[in-house]
Each structure stands twice: as structure tokens, then as C-alpha cells.
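None of the figures in this text is laboratory data; all of them are computed from the coordinates on show. Note that the structure is a prediction, hence the values are computed from the model and not measured. Cβ sites come from the backbone with ideal geometry, for glycine too, and all protein chains shown count toward neighbours.
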Amino acid sequence: MRNGVRMSVVIPALLLLVSGCATRDWVREYMTPKEAELDQRIGKVEGQVGAETQRIDQRLDKTEARVTEGTQRLGGMDGRMTTIETSVGEVREVAKVARERADSGVTKADETNSRLTRLWESRNTRSLVETIEVPFRFDRWDLSDRSATALVGLAKELKANEKLAVELEGYTDPSGDAKYNIELSQRRVETVRRFLVKQGVALPRILSVGLGPILDPATPKEKKRRVTVKLMLTE
């Protein structure tokens, strides 16, 4: 009886033990392929993620390269804009100088016209007493010693007689630019006028005008480069 009870206890225990061992073997057999399959899937996913990451990095590199290129182009455009702005400023400065020169030319022309008008209006109230030709060298407006000596004598006559006045007419030869010749004739007249003033002749008694080139072909060039000094008697 006891032996039967023991057998009834031992046999189920053995069956349970055998069953447990079989279950573990089945788990091992089942899980091993699953783990391998899972590892393969994970590896595949990791490979896809790596490839996608590489593509993204490549796109980022291309984008950065484009941004750098665009920045360089903008820098070049800034340089060009600076050059253009500088050129515009230079053009404006040249235009400003040209306007100033034009205004100066108009002023000088007005002064010449005013002097000519004064000479014309006073032609009937003065009589010519004496004429002196003051010669000048080519493209020069400084006085020679001989001319200075002649003007000293003229200044003495003017200071001795208050009714005397003097008219100065400057001339050049036709060589060169017409505008320059007018300016040169004015410089020559101004030289004579200043010399007379230094000799004590009152400025209001001196009328002066630069008339530019003498075009008469019969007159020698050296005689065209002169200032005609007219001693006038006021009536």
C-alpha cells in the first residue's frame, strides 16, 4: 500500500519534471529563430536609418555649399554696388566742377560786356590823347622792363592831370583755344591795371577789358600779343 502511494507521488513528479524540461527545450527552439529574425530586422532598420542619415548629410552639405556660394555672390554684388556708388559720386563731382566753371565763365562774360558797355557809353565824353602799345611774349602776361618803364611815365601823366583817364584793351594772337585766348587777354589787361594802381593811379580812372584774339591776317602775330593803352581826356 505504501509502495503504491509512493509510486503515485513519484510518477506525477517525474512527469512534471520531464514536462518542464521539454518546455524549456521548446522555448529555446522557438526563441532562437525569433531572436535571429528580430536581429535581422533591427539590422535592416539600422541600415536604412544609416543610409537615410547619409542622404540627409549629403543634402545638408549641398545646401551649405549653396548658401556659401550665395553669400560670396552677395559679397561680390556689395563690391560692385560700392564701385557703382563711387562712380556716381565721381560723376556728380565732375558735374559740380563743370557747373562751377560754367558759372565762372558766365560771370566773366558779364563783366566783359559791362566793361564794353561802359567804354561805349563814355566814347563821346572823352577824347584820345595818346596811345601806347604794351607788347607781351607768347602765352605770357608778365611785363618786360621796357613796358614797365613806359607805364611809369604814363602813370605820372595821370597823376599830374585829374581829367585824364586810361582805357586798357587786351589782345592775343589767334593760336589756341578761343576761350583760353580771352582769359589770356584778361590776364594781360589785369597785369597792366595792377601796375598802374601800384604807381598811384586811382582804380576808378582805369577802364579795362580783354577782347581775345586779333584775327586780322595782315597784323603780325607778335603785334597781336599786346595791351593797347589809351590815355583819354575827360571833357
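Taking amide hydrogens as placed 1.01 Å from N in the peptide plane, the amide H of Thr172 sits under 5 Å from those of Gly212, Ile214, Arg226, each at least 5 positions away in sequence or on another chain. Ordered by the number of other Cβ atoms lying within 10 Å of each residue's own Cβ, fewest first, Ser175, Ser127, Ser147 fall into the sequence Ser127, Ser175, Ser147.
Where both bridge residues fall in the stretch 122-234, DSSP classifies roughly 75% of the beta bridges as antiparallel. Taking Lys and Arg as +1 and Asp and Glu as -1, the other residues whose beta-carbon sits under 13 Å from that of Val197 total +4.
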